[in-house]
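See below for the structure under consideration.
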Amino acid sequence: MDVSPIREGAHNAADAAQGDADSANSIAQYAEEAAVRAEAAAANAQASAVEADEAATRTEEALRQRIEAARAERAEGAVDTGAELSGEEESILLRLCGQSCVDEWRVAKNATAQDVLDWIKANGGEIILDVVGYTDAKTCFTKGDIEACLWTLINAASVAVVVLKLPALSVAVARVTAGITKFFEASAKGKRTLKKLRDLIEKARKDPNTPPCVGKSLARAAADDVCNLDWEIGDLPYETLDDLDTRYGSDITDGVEYNWRKMQEKGADGKPTKNAIDHAIPGIGTNVEELAKYWAKWRGKATHIDPTTKNTVAFDEAKGVLVIIKDRYIHGYRMTKAKFLEKFDPLPSS
């Protein structure tokens, strides 16, 4: 009997089995390598996330320290707020934005000019000063945990004095702790408000045809590039804006504030309006530090011009954002590239 066909079949089967085994080994090896790569990618992602968190923490801590330093400087005395509003200046403000602007000027001037010591006394904190003294107490007024700092000083004072005054001290510490941060914020807000109103007055002096703000709410006139003010928005981070102004300049800070205000707009249903959503820059939103960095990189980068307003602009293709680059401030909102090319003309080549 010829067994060669049987042997050949057996060999073929063995070869096929070996091939299957080799393929299985290759697949297993590939799967193992893929698992290793996936594990490495996950580890890298985790490391990146940790690094991002640490960077954010460092940024927050640096900001906290700068604000504390600014508060410490503010605690040394009142701010020079300049001259009182003249009759001519008051007339300009009344024409452009009504009595609300004049009222806000006076509120801002008072808030900015008030001395910290006077505020402490006016808010029932004099008893704290009697026990620990202003020199020591003012170091607490600029700290994060004001209450704990004050009680540490009080506990170190004469036991007999503290025991006698403890009820009144408790009330005073609670009142001062609740209000001092608002005092510093109001002072920073006042400083920015005075600057904005002075800028508005100067604009009107240079151009007597400057149009008045439109509508009861000054927010409605923001697009006119005359008034970027709205007294109804109370949660602007004014101390942070003051810090940004020092580091980036007023054109960047005013742009950050402009977009922040736009992002606060709510519809009748209480939800953000389309305009608010469009002014939230992708990947940045209300992060004012990142927004300041973003606007700063567009200085001098205009490529087109608005034929109507004559504002110079640029387009961020990565984010789909129109960037409006003015001398006074840089701001922007979402827009399609097609709309950008349709609306704006290229700047003439130099």
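Structure notes:
- Odd one out for Trp298 among (1) part of a loop (DSSP other than H, G, I, E, B); (2) free of Cβ contacts under 8 Å to residues at least 24 places away in the same chain: (2)
- Against the test of being outside any helix (DSSP H, G or I), hydroxyl-bearing (Ser, Thr, Tyr) and not assigned by TED's automatic domain parsing to the domain that holds Glu239, the options Thr81, Thr112, Thr139, Thr135 yield a single qualifying residue, Thr81.
- Lone unmet requirement of (1) surrounded by 12 or more Cβ atoms within 10 Å (Cβ to Cβ); (2) without any contact (Cβ under 8 Å) to a residue 40 or more places away in the chain; (3) small (Gly, Ala, Ser) for Gly77: (1)
- Residue within the stretch 156-177 that is in a helix (DSSP H, G or I), touching a residue at least 60 places away in the same chain (Cβ under 8 Å) and not assigned by TED's automatic domain parsing to the domain that holds Pro237 present: no
- Any hit, the stretch 29-40, residues being among the acidic types (Asp, Glu), under 30 Å from Ala186 (Cβ atoms) and either modelled with pLDDT of 70 or more or part of a loop (DSSP other than H, G, I, E, B) (or both): no
- Residue count for the stretch 282-317, restricted to those that are charged (D, E, K, R), exposed (fewer than 14 other Cβ atoms within 10 Å of the Cβ) and farther than 20 Å from Arg328 by Cβ: 1.
- Hey, Thr303 closer than 27 Å to Cys101 by Cβ, at pLDDT 90 or above, of a type in the set (Ser, Thr, Tyr) and not assigned by TED's automatic domain parsing to the domain that holds Ile67 or not: no
- Qualifying residue in the stretch 99-107 (condition: aliphatic (A, V, I, L, M), assigned by TED's automatic domain parsing to the domain that holds Lys195, part of a helix (DSSP H, G or I) and free of Cβ contacts under 8 Å to residues at least 60 places away in the same chain): yes
- Listed conditions (1) touching a Phe, Trp or Tyr at 6+ places or on another chain (Cβ under 8 Å); (2) over 24 Å from Glu239 (Cβ atoms); (3) part of a strand (DSSP E or B) are all met by Pro307, apart from (3).
- Residue in the stretch 116-125 that is exposed (fewer than 14 other Cβ atoms within 10 Å of the Cβ), within 30 Å of Lys203 (Cα to Cα) and charged (D, E, K, R) present: no
- Listed here are the helices (runs of 4 or more DSSP H) enclosed by the stretch 233-281 that have at least 3 residues being surrounded by fewer than 17 Cβ atoms within 10 Å (Cβ to Cβ): 274-278.
- A single entry from Lys343, Lys293, Lys266, Lys337 fulfils the requirement of being at negative phi, among the basic types (Lys, Arg) and at pLDDT below 95: Lys266.
The values are calculated or read from the model by the stated rules, or taken from the named source; none is laboratory data. These figures come from a predicted structure and were not determined experimentally. In this analysis, Cβ positions are derived from the backbone assuming ideal geometry, glycine residues included, and neighbour counts consider all displayed protein chains.
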